Structures are given as structure tokens and as C-alpha cells.
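Take a look at the structure below.
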Amino acid sequence: MTRQTDFLIIGGGAAGTTAAGVIRTLNPNAKITILSGENYRLYSRVLLPNYIRGEITREQLFLKNPMWYRENQIELVGNSKAAKLIPDQKKVELANGETFLYKKLLIATGASPIRLNVPGADLENISYMWTIGDADTIIEAAKTAKRGVIIGGGFIGLEFAHSFKEKGIETVILEGAPYYWGTRLDEKSSRVLRNLLEANGIKVVAGDQVQEFEGRTLKRVVGTVKTKSGKKYEADLVGIGIGIRNDLEWLNDSGMKIDGGIVTNEYLETSIPDVYAAGDCVSFYDLIIQVPHIVGTWGNATTQGAVVAKTMCDVRTAFEAVSAYTINFFGSSCSFIGMTEEDFVDEIVVRGSVEDSKITRIFVKKYNSQTRIVGATVINNPAEVSPLTTAVKNRVDIASHKDRLSDLSFDLKQLIG
Amino acid sequence: MWKITVDRDLCIGAASCVALAMKTFALDGENKAILLDGEGDPPEMVKLAAESCPTKAIILVDEETGEQEYP
């Protein structure tokens, strides 16, 4: 069957749904259709850990009620996976054989967790904490689980650790890098987090990887994690957080420019006319940092959705924002702001120490005559998140302050006047 | 228009509200959203900012009727 719409949005998450709402405010009569890979209204992935820990109900996960879609006349088509884009015909084919013709297309398909490809990875009670279905699985398994293994340091790994601890599950974290969260943090920041985890009874094993999962005798349920170094850990429940990836293979024959994500300019316009992209699946030109940038945060997705909607309605609007994400766990906090790739910057200034249990790393880069902050990692210094974010956003020249940045008595608010 | 409140226990500092309505919301020393003085953003942006919060920490109450409009 072929259906026609004015604004076709692939992806029913934060970016796609926000865009749909803004398009409706700008264009009262257009036909708007959202194709969602899942069969749910917009829900908050950010709240999945709270749901798992029993702090909120399942219904509280949802950010939109059915009325919102009806009142705004936004058609939500669930269980829809895009299979092919044919730009010449302005047509999208779905995996189930249906086709949609669009006038303007937004691709907001988000990302999905990287799957661990080892023997036994398809056993039950091995979860990724990505969808409501994943959360339901974890809640059910945690009712009887006594021992848990978490694969990977990172935001998802920390959420698993927090949840397992709340459920009284004895937990081991396996980190493939030489030290905890070694892919994104320095050794000192890593040590602060590791100390926190260990103080909460969680064992951290770094520099070892999963060889295979073994099931329980006569059952398809995970029972043991075997590592490459030959160690064995019993596990009734396994949580995996080893990164995210974009599923953009369906665009392979479309001519779309892709480089890690769908390549767009600062207006979130792709290389194909009348096709736009927003959220985790995008490598957008970052006006502040002046390079292509892939960001996977909730704030980035919603803001890009709001901005791209304007451009799609012919109010061409550039996206300009600093991404930041914070996780709170065991009374501590860890934030990432802006660009935190070590290779990208000229210098990283460190504030604080392992002994203080507080470390901020400030990523500094020279732009012609300016010295600017482009990003930061902030552990247990919540007051520094806002001034650092503002300094990145306002492109503050910090040359006159740089020598004092590492001094904890220097208030970072002075950077922004 | 609206009486806006932020539930600090719910706020996690995701900052989508700040990105969408920066004249209305800011982050404080605990990395939580606070309200700024004045009415700098158009109402539709304030509504959008509230709706963008992943933890539904922003509450909008109609000042005339007293009815909660969001969430």
C-alpha cells in the first residue's frame, strides 16, 4: 500500500516527536506522520533506570498521552522499520512492504546499543537497558537474581550498577579498557568513580573482556560469564553498556552522505533536498566547535527536533547548542559537556584530585587568536557544569584565566563575567 | 499565563529546558534548573521547554484557572 503525507518523520523518539509538535504549531493543516520502530508513544529513556528501581510507574515513563497525538493530528505508525529511501520519487519503503510518499522527510532514527557478539549472547536475562521491553526484562529477572555482571564502564553501566545495588544484587563490572571507563575518562577521573563504586560494594575488574556466556543447565538463561583471561563469574542477570551505533544501512543506496552519522550542515539539512536529520543519528556541523559532531543526549535530540522543524517549515534556523549530560548515582554526579575528545584539543586542564573525590577536566583549544573551552568532564562538581557550559556556548576567550583554571580556589563563574 | 515550578527532586540537569528557553530557565550550583526573573521567552517556547524535560520536572499551572496544564 502507498500512503501520502506532507511531513514524514522516521523515528518516534525525542527528536522526531518534538519536531512533529513544532511543525504542527507552524503549519496547522499539513499532514504529519511519524513512523516509529517501537510500538509506543514517546517515552523517556532517561527514566528507564527510575522505572527499573521502582521509583516511578510504567505509565509515568510516557511523555505524551494518546490525546496529544489526536489533538495535534499527528499520525503515529508503530512497528515501522524504514528499509529504503528513494529520493527521486520522494518515497520511503518500509520493511513490511508499505510505502510512504513525502513532501519533506525527517530522519530521526536515533541510535541503538552495540550488541556483544560472543557465544551465548542470545541467552535470556542479558539486557541492554534501551527500551521499555528491556526494562521489563530486567525488572522480572531482578526479582530472583542474586548475582549480576555488568559489561562496560559508562553511563549505561553506571545506571545498571545503581539499579543492581538497589535490588540487592551482588555485582561485578567488567571493563575491557585498562581502567574503568577508560574509553572516555583519564585515569584519575576513573579512579574517583571506581572508588565510589567499590565503596558501594560493587567490584570493578578492568582490562578483561567477555569470552562467552554460559547458560544454566537445561535452560536458556544466563548462568556464567567467562572472560578472555579465563576467569568465571556467576550471573543471574547481565547488563551490557558498551556504546551505541547508528543503524543507517537502509540508506546505503540512497546517495545520502554518511560519516559516522547522517551528515548535515548547521541547519540539519542532509545532502539530499527536502530530507533533514536530527538527534543521535546525525553528524551535524557544530557552529560552536566548528567541526562535524555526533551527540547522543536527550537535550540535543529535543533541541534539534525543535530547530529542524522550523527549517522544514521554511523558517530556516541554524542549530547552535552545547550538549551536556549528567548522571547522578550513589549521591555523586558525573557530567560530560560539549566536545571531550582528547585528540581534538590542544590542552586538558585538570581541577581537583582523587583525594578530593572531585575532578573536572577542561578541554581547551586554540582558534586563531582565541583560546577557548570546547568541553569538559565534571565529576562531583555540579556547580561547575553551568559556567563551563556557558563558557563553551559563548566562545569565551579564556587566555587571561588559563593559568588559574587548575586552581580550585578560582571560581569558574569568573570565566563568564 | 503560567505559574512555572521546577521539581528539584526530579530535575537531573539534562538542560533541554535551558536550550529551548534560555531566558526562562538556567542551571544553578547543584546543576538543577531554576527560574529566571522576567518573561523573556514566548509562551510556546516555555511550553515546549516543559514538554522537553525527560523527567517531567517542569510544572505549568494556568494562573487564571489554577489548573495544571503540564504534565
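For region A:344-362, which residues satisfy the criterion of being assigned to a strand (DSSP E or B) and of a type outside the set (S, T, N, Q)?
Within region A:344-362, the first condition is being assigned to a strand (DSSP E or B), and the residues that meet it are A:347-353, A:358-362.
Hits for region A:344-362 are A:Glu347, A:Ile348, A:Val349, A:Val350, A:Arg351, A:Gly352, A:Lys358, A:Ile359, A:Arg361, A:Ile362.
Between A:Ile244, A:Ile202, which is buried (at least 17 other Cβ atoms within 10 Å of the Cβ) and at pLDDT 95 or above?
Numbers: A:Ile244 fails: at pLDDT 95 or above.
It is A:Ile202.
Any chance you could count how many residues in region A:287-322 are at the interface with chain B (Cβ under 9 Å from one of its Cβ atoms), more than 14 Å from the chain's Cα centre (by Cα) and of a type in the set (Phe, Trp, Tyr)?
Number satisfying all stated conditions: 0.
Please tell me if A:Ser189 is touching a Lys or Arg at 6+ places or on another chain (Cβ under 7 Å), touching a residue at least 24 places away in the same chain (Cβ under 8 Å) and surrounded by 22 or more Cβ atoms within 10 Å (Cβ to Cβ).
On the way: touching a Lys or Arg at 6+ places or on another chain (Cβ under 7 Å): yes; touching a residue at least 24 places away in the same chain (Cβ under 8 Å): yes; surrounded by 22 or more Cβ atoms within 10 Å (Cβ to Cβ): yes.
Against the criterion (touching a Lys or Arg at 6+ places or on another chain (Cβ under 7 Å), touching a residue at least 24 places away in the same chain (Cβ under 8 Å) and surrounded by 22 or more Cβ atoms within 10 Å (Cβ to Cβ)), A:Ser189 qualifies.
Would you check if there is a residue in region A:383-401 being buried (at least 18 other Cβ atoms within 10 Å of the Cβ), in a strand (DSSP E or B) and at pLDDT 95 or above?
no
Among the numbered criteria (1) within 18 Å of A:Ile114 (Cβ to Cβ); (2) within 26 Å of the chain's Cα centre (by Cα), which one does A:Lys228 miss?
(2)
Pairs please, first residue from region B:37-49 and within 13 Å of another protein chain (Cβ to nearest Cβ), second anywhere and of a type in the set (Phe, Trp, Tyr), Cβ atoms under 9 Å, 6+ apart in sequence or on different chains.
These pairs meet every condition: B:Asp41/B:Phe25; B:Pro43/B:Trp2; B:Val46/B:Trp2; B:Val46/B:Phe25; B:Lys47/B:Trp2; B:Lys47/B:Tyr70; B:Ala49/B:Phe25.
For region B:12-36: of the residues being under 18 Å from A:Ala306 (Cα atoms) and surrounded by fewer than 19 Cβ atoms within 10 Å (Cβ to Cβ), which is farthest from the other protein chains (Cβ to nearest Cβ)?
From region B:12-36, those under 18 Å from A:Ala306 (Cα atoms) are B:14-25; that's our starting set.
Now drop any that are not surrounded by fewer than 19 Cβ atoms within 10 Å (Cβ to Cβ), which leaves B:22-23.
Details: B:Met22: 9, B:Lys23: 14 Å.
Among those that are under 18 Å from A:Ala306 (Cα atoms) and surrounded by fewer than 19 Cβ atoms within 10 Å (Cβ to Cβ), it is B:Lys23.
Within the bounds of region A:162-170, is there any residue that is outside any loop (DSSP other than H, G, I, E, B), out of contact with any Ser or Thr (no Cβ under 7 Å at 6 or more places or on another chain) and not charged (D, E, K, R)?
Checking region A:162-170: at least one residue is outside any loop (DSSP other than H, G, I, E, B), out of contact with any Ser or Thr (no Cβ under 7 Å at 6 or more places or on another chain) and not charged (D, E, K, R).
Keeping to region B:50-71, report how many residues are away from chain A (no Cβ under 12 Å), within 21 Å of B:Met22 (Cβ to Cβ) and in a loop (DSSP other than H, G, I, E, B).
Within region B:50-71, residues that are away from chain A (no Cβ under 12 Å), within 21 Å of B:Met22 (Cβ to Cβ) and in a loop (DSSP other than H, G, I, E, B) number 0.
Sort through A:Asp403, A:Asp346 and tell me the only one that's on the phi < 0 side of the Ramachandran plot, more than 14 Å from every other protein chain (Cβ to nearest Cβ) and free of Cβ contacts under 8 Å to residues at least 12 places away in the same chain. Walk me through how you get there before you give the answer.
Details: A:Asp346 fails: free of Cβ contacts under 8 Å to residues at least 12 places away in the same chain.
That would be A:Asp403, the only listed residue that is on the phi < 0 side of the Ramachandran plot, more than 14 Å from every other protein chain (Cβ to nearest Cβ) and free of Cβ contacts under 8 Å to residues at least 12 places away in the same chain.
Taking interchain pairs and intrachain pairs at least six residues apart, which have beta carbon atoms under 6 angstrom, with the first residue in region A:192-206 and under 22 Å from A:Thr377 (Cα atoms) and the second modelled with pLDDT of 95 or more and part of a strand (DSSP E or B)?
Hits for this filter: A:Val192/A:Ile359; A:Val192/A:Ile379; A:Arg194/A:Val204; A:Leu197/A:Val204; A:Val204/A:Ile173; A:Ala206/A:Glu175.
Just to check your reading of the model, which residue among A:Lys90, A:Lys84, A:Lys64, A:Lys31 is surrounded by 19 or more Cβ atoms within 10 Å (Cβ to Cβ) and either over 30 Å from B:Cys11 (Cβ atoms) or over 26 Å from the mean Cα position of the chain (by Cα) (or both)? Walk me through how you get there before you give the answer.
Numbers: A:Lys84 fails: surrounded by 19 or more Cβ atoms within 10 Å (Cβ to Cβ); A:Lys64 fails: either over 30 Å from B:Cys11 (Cβ atoms) or over 26 Å from the mean Cα position of the chain (by Cα) (or both); A:Lys31 fails: surrounded by 19 or more Cβ atoms within 10 Å (Cβ to Cβ).
Unique residue meeting the criteria: A:Lys90.
Of (1) in contact (Cβ under 8 Å) with a residue 40 or more places away in the chain; (2) within 23 Å of A:Arg316 (Cβ to Cβ); (3) within 14 Å of chain B (Cβ to nearest Cβ), A:Pro28 satisfies all except one. Which?
Condition (1) is where A:Pro28 drops out.
The values are calculated or read from the model by the stated rules, or taken from the named source; none is laboratory data. Every value quoted in this text rests on a predicted model; they were computed, and no experiment measured them. Counting neighbours? That spans all protein chains shown, and the Cβs are built from the backbone with ideal geometry, glycine included.
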